[in-house]
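K.L.:
Take a look at the following structure, please.
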Amino acid sequence: MHFVVAFLILVVVLASVTGMGFGNALILGVVLIVIAAVVVAMMAAESGKKMRSALEQEGGRLVDEHLSALVRRYRQLVRTDEYGLIDNKAWEKERLHFFNNIVMPALPPQAGWEQFRSHFNDAVLDPKVRAAFEQQRQSFADHFNSDIDPIDYEHFCAERLRKLGWDAKVTKSAGDQGADIVARCADGAMVVQCKRHAKTVGNKAVQEIVGAMRFYDADYALVIATNGYTKAAHALADVNGVILIHHDDLVDGWVPWAAS
């Protein structure tokens, strides 16, 4: 309503100043408004380009600075379900956390940065992280780091199994029913527990993987540990057909049916 009133006032003023008729003044008023709208749109587009460019440059720098942590979180949070579908809901939350707490505070104080978050994720963050992830993945299983955390150790073991031809998927930490990895190949399914411990592994891990074997209806049960097993664990594993190994045992030619 206010726009209509303002427009009519503009037409009256144009008619008065130029001496033209009301109809011609009306047409001129429309032309001027269209021109003004185009100019405003062009200015907004130019401002948007500058904001995107600033976001890509500064945001890209921050991604590079935190790339190692981002790749680790990507590896831990993005999962493939039993149907081969990618579940990245947890990674999407991580991206939001990174943008709000790392990227936004580093940008010039200006309203409207939030509208570029999707652009930042699609054009800057994800391409950099995925490229680094794929590059690291090629050698991740070949180099054990003694400082590796338990979650990364699961992925380390899964990658070693993949190199041996297994379709190995790391399970979710909640509701995994005792299996850190579920691996499949043409010869059957295998459940795996991965123990990144400073001490030898005891009975509990064997008991849990036996339960996981039944839950997943697996053909083989495997425990991988960095520092060996107690005598009791070996005895319980022998009775239940559980394979106990070190990750260095996962080399070409290793198969569970030969180890069991």
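No value in this document is a laboratory result; all are computed from the given coordinates. Worth saying up front: this structure is predicted, and the values here are computed from it rather than measured.
K.L.:
Non-local amide H neighbours of THR226 (under 5 Å, H modeled in plane, Pro and chain starts lacking H): which ones?
P.N.:
Answer set, sorted by chain and number: LYS195, HIS197.
K.L.:
Sequence neighbours fewer than 8 away in the same chain don't count; with that in mind, list the aspartates and glutamates whose C-alpha is under 18 Å from LYS93.
P.N.:
By straight Cα distance, LYS93 reaches GLU114, ASP122, ASP126.
K.L.:
May I ask you to list the aspartates and glutamates whose Cα is less than 18 Å away from that of LYS231, ignoring any residue fewer than eight positions away on the same chain?
P.N.:
Candidates past the 8-residue exclusion: GLU208.
K.L.:
Pairs of lysines 8 or more apart, or on different chains, with alpha carbons under 21 Å: count those in the stretch 109-209, would you?
P.N.:
5
K.L.:
Let me know the shape class of the stretch 150-259, please: from the alpha-carbon gyration tensor, a ≥ b ≥ c as square roots of the eigenvalues, rounded when a/c is under 1.5, otherwise prolate if a/b is greater than b/c, or oblate.
P.N.:
Judged from the Cα gyration tensor, the stretch 150-259 comes out rounded (a/c under 1.5).
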